[in-house]
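S.K.: This is the structure I have questions about; it appears just below.
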Amino acid sequence: MKQVRLGLRENWKQFTLLVIINAFVGGMVGLERSILPQIAEVEFHIAAKTAILSFIIVFGIVKALTNYFTGALANRVGRKNLLVIGWLIGIPVPFILMFAGNWNWIIAANVLLGINQGLTWSSTVVMKIDLVGERQRGFAMGLNEFAGYGALAVVAFFTGWIASEYGLRPYPFYIGVALSILGLLGSWLLIKDTKHHVAAETTTSNIPKLNNIFWQTTWKNKNLSSVTQAGLINNLNDGMAWGLFPILLAAKGFTIAQIGIVTAVYPAVWSIGQLFTGKMLVFSCLPIL
């Protein structure tokens, strides 16, 4: 077996492929950013804002539960296998969004999308961390978020523009068909599992393992619990931008194309910021590694 080496330079080919795959992952969420609330009101005549936002609530709960189990499953099933499974679950999503006859089908699509995102996004994050080792984890995370949220912003913009030119359905969701197929084929044919990198790092790592991950990350360990709470608040902000911005802008008379631009700005800024904050995390951690 070829000797396993940790580091970004040593594994740049696989790392780059994972960055591209995660761009496809982020793009799948971008499908809904600009136009789903408009579909609820225009095509399904849903007036209640709580009902319109139900797709975000369902997506968030399902993704959170999937994220919780993905870490343990990654060690049992394998990182690559989880990535491929996530894409298989995500393939029906754009087709359901295109041809849904009622709002319940939209909710079902977001159940699948939540599982897809929980498996694929988490798998790409873990695999990048496996490849680079301890010292470059922050930068790896930054590049992962840059790719995912950058693609999200681009797809959110283009779905808004396509919807303004050709209608709310089905044309904007053709992007999702391409993303899901490319993501599946790329994950299946090009990505290699990183279990050997994990094994190599465990021989040199001095970081103690957590005995009870849930309680230590939510309550007992102050550092980890503060990070968990910050992540919760960040996702709440993201959910608000996802659900409320299109509704408020539509009420103010903005066109779908304009809504697409506004909803793309937030993830675009987040994406660019991750290039710097990830690198900063590397430098801030160097003295203690």
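The values are calculated or read from the model by the stated rules, or taken from the named source; none is laboratory data. Source: prediction; values computed, not measured. Here the Cβ positions follow ideal geometry from the backbone for every residue, glycine too, while neighbour counts run over all protein chains shown.
S.K.: Name the residue, out of 100, 74, 51, that is aliphatic (A, V, I, L, M) and under 25 Å from residue 165 (Cβ atoms).
M.R.: Just a single option satisfies the conditions, and that option is 100.
S.K.: Given (1) assigned to a helix (DSSP H, G or I); (2) farther than 26 Å from residue 7 by Cβ; (3) free of Cβ contacts under 8 Å to residues at least 60 places away in the same chain, where does residue 160 come up short, assuming only one miss?
M.R.: (3)
S.K.: Same structure again: Please count how many residues of the range 78-90 are part of a helix (DSSP H, G or I), surrounded by fewer than 23 Cβ atoms within 10 Å (Cβ to Cβ) and either polar (S, T, N, Q) or touching a Lys or Arg at 6+ places or on another chain (Cβ under 8 Å) (or both).
M.R.: 2
S.K.: Look through the range 163-197, keep the residues that are outside any helix (DSSP H, G or I) and among the basic types (Lys, Arg), and return whichever of them is farthest from residue 85 (Cα to Cα).
M.R.: Only one residue fits best here, namely 169.
S.K.: While we're looking at this one, here's another question. Select from the range 91-144 the residues that are of a type in the set (Phe, Trp, Tyr) and touching a residue at least 24 places away in the same chain (Cβ under 8 Å) and write down the one among them that is surrounded by the fewest Cβ atoms within 10 Å (Cβ to Cβ).
M.R.: Out of the qualifying residues, it is 99.
S.K.: List the number of the failed condition for residue 243; all other conditions in (1) out of contact with any helix residue (DSSP H, G or I) (no Cβ under 6 Å at 6 or more places or on another chain); (2) surrounded by 15 or more Cβ atoms within 10 Å (Cβ to Cβ); (3) of a type outside the set (S, T, N, Q) hold.
M.R.: (1)
S.K.: Another question about this same structure. Of the conditions (1) under 30 Å from residue 169 (Cα atoms); (2) not in a loop (DSSP other than H, G, I, E, B), residue 126 fails just one. Which one is it?
M.R.: Failing condition for residue 126: (1).
S.K.: Moving on. How many of the residues in the range 21-54 are out of contact with any helix residue (DSSP H, G or I) (no Cβ under 7 Å at 6 or more places or on another chain) and within 17 Å of residue 150 (Cα to Cα)?
M.R.: Qualifying residue count for the region: 1.
S.K.: So if I check each of 96, 89, 21, 46, which one is β-branched (Val, Ile, Thr) and modelled with pLDDT under 95?
M.R.: The unique qualifying residue is 46.
S.K.: Name the pairs whose Cβ atoms lie under 9 Å apart, with the first residue in the range 19-35 and under 11 Å from residue 180 (Cα atoms), the second in a loop (DSSP other than H, G, I, E, B), and 6 or more positions between them or separate chains?
M.R.: Pairs that qualify, where the first residue is under 11 Å from residue 180 (Cα atoms) and the partner is in a loop (DSSP other than H, G, I, E, B), are 21/190; 21/191.
S.K.: Looking at the range 244-273 only, could you name the residues that are part of a helix (DSSP H, G or I) and over 17 Å from residue 155 (Cβ atoms)? Write out each step before concluding.
M.R.: Step one: filter the range 244-273 for residues part of a helix (DSSP H, G or I), giving 244-251, 256-273.
Passing the criteria: 244, 247, 248, 249, 250, 251, 273.
S.K.: Follow-up question, since we're still on this one. State all residues of the range 198-234 that are part of a loop (DSSP other than H, G, I, E, B) and at pLDDT below 75; if no residue qualifies, say none.
M.R.: Within the range 198-234, 203, 204, 205, 206, 207, 208, 209, 210, 211, 212 meet the criteria.
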